Amino acid sequence: MTAPTRGASGAWTALLLLSTGFLMSQAFRTIAAIMAAPLQAELQLSPQQLGVFAAAYHFAFGGLQLFMGMGIDLHGLRRTVLTASPLMALGAAVSALATGFPMLVAGQVLIGIGSAPAFLVCTIYVARHFAPERYTVVSSLILAVGGIGMVLTGSPLAWLIEATSWRMGFWVLAGCALLSWLAIALGVHEPAPAAGARRESLGQALEKALLDAAKGAGVALRVNRVGSMLTPFFTDREVTDFATARAASVKRYAAFFHGLLKRGVYAPPSQFEAWFVSLAHTPAHIEAAGRAAAEAMKEVGE
């Protein structure tokens, strides 16, 4: 969908602050390699236990992606990241206090949960507050900032652990995670959802806009919708199963996608993905998408 605009300096500042959370998530994901030797020596961990310790973060991080996306849709990116990210600091503190393997793994799971929305909120923020043609460049800069986290858990963290202990390494990371949370809490703000903008009614409006655009261009279209989720199919048949979905024109959908994209509207690039209307969308967004769809649909019908 089209992104609301805001001051360039404010958008960059907020994105930089959000990126500190991603930086921390990247720092935490590489600590297993740095801390393996001292952890094994002090806690008498077996190679298998070290493997579980290293994997616990990644399982928790990956397993929570869907739920973090749902949280962002329902409650906004700021509230979601501020609710989850303190678990990074808590997990680091639990790890620093660990007296054995179970406590160490519990700390890693907490860190993984706290890190789960870090990159997601950055990419969503870019889509909402930056021009479409800048999405790739700005997203690349976010990845570069995240790479700093990996650098920091290289030599600097190794030096700290060698000079003090692995526990101090976790305490320092916990402090950095808290500073990131505080920076986001103070510097990132979202507008309140538009009053009365129910996702169901907006989903209905988007469905109608797509169907009207297709009718105006003389293009066969079916739209399957459940609540705020929908998928348009370029076919004159009802789509009820995989076979009828595959019968829809993928070529026409691709042309429609690119037509929307060049008009500033982000739609799923695949025919077989769902469109979502969230609390971030307003009636103005749906109207703008409808106008873009009408223009793009004429290109499809040519």
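What follows is calculated from the coordinates using simple rules that are stated; it is not laboratory data. Fair warning: this is a prediction, and the values are worked out from it, not measured in the lab. Here the Cβ is made from the backbone with ideal geometry for all residues, glycine too, and neighbour counts use every protein chain on show.
Look at where the Cα atoms of segment 36-61 and of segment 251-291 average out, and the two centres are 44 Å apart. Amide H contacts for Trp275 (H built 1.01 Å from N in the peptide plane; partners 5 or more residues away or on another chain; cut-off under 5 Å): Leu230, Thr231.
All C-alpha pair distances within the chain, sorted into 20 Å bins from zero, spread as 30, 46, 22, 2 percent across the bins. Once the chain from His58 to Met103 is taken as fully extended at 0.36 nm per residue, the excess over their C-alpha distance is 14.5 nm.
Tell me, Asp241, Asp212, Asp236 in order of fewest to most beta-carbon neighbours within 10 Å? Exposure proxy ranking, most exposed first: Asp241, Asp236, Asp212.
Take 229-235, 271-277, 46-52 and order them by the average number of nearby Cβ atoms within 10 Å per residue, most first; the result is 229-235, 271-277, 46-52.
Proximity of backbone amide H atoms, modeled 1.01 Å from N, is registered between Val223 and Phe233 at under 5 Å, excluding neighbours fewer than 5 places apart on the same chain.
Tell me the mean residue ellipticity at 222 nm calculated for the chain from its helices only (DSSP H runs of n ≥ 4, each -39500 (n - 2.57), averaged over every residue, nearest 500).
Values: 15 runs with 213 residues, N = 302.
Helix-only estimate at 222 nm: -23000 deg cm²/dmol.
Between Ala243 and Ser140, the modelled labels are 4.6 nm apart [label points 7 Å from Cα along Cα→Cβ].
Neighbour counting of Cβ atoms within 10 Å sorts the residues His285, His258, fewest neighbours leading, into His258, His285. Basic side chains Lys and Arg get +1 at the Cβ, acidic Asp and Glu get -1 at the Cβ, and with that the dipole of the chain about its Cα centre reaches some 420 debye. Across segment 36-48, coupling constants 3J(HN,Hα) worked out from phi with the 6.51/-1.76/1.60 Karplus curve, θ = phi - 60°, read 4, 5, x, 5, 5, 5, 7, 9, 6, 7, 7, x, 5 Hz, and Gly and Pro carry x.
How high is the FRET efficiency from Gln44 to Trp159, r the C-beta distance, R0 41 Å, rounded to 0.05? Computed FRET efficiency for Gln44 and Trp159 comes out at 0.95.
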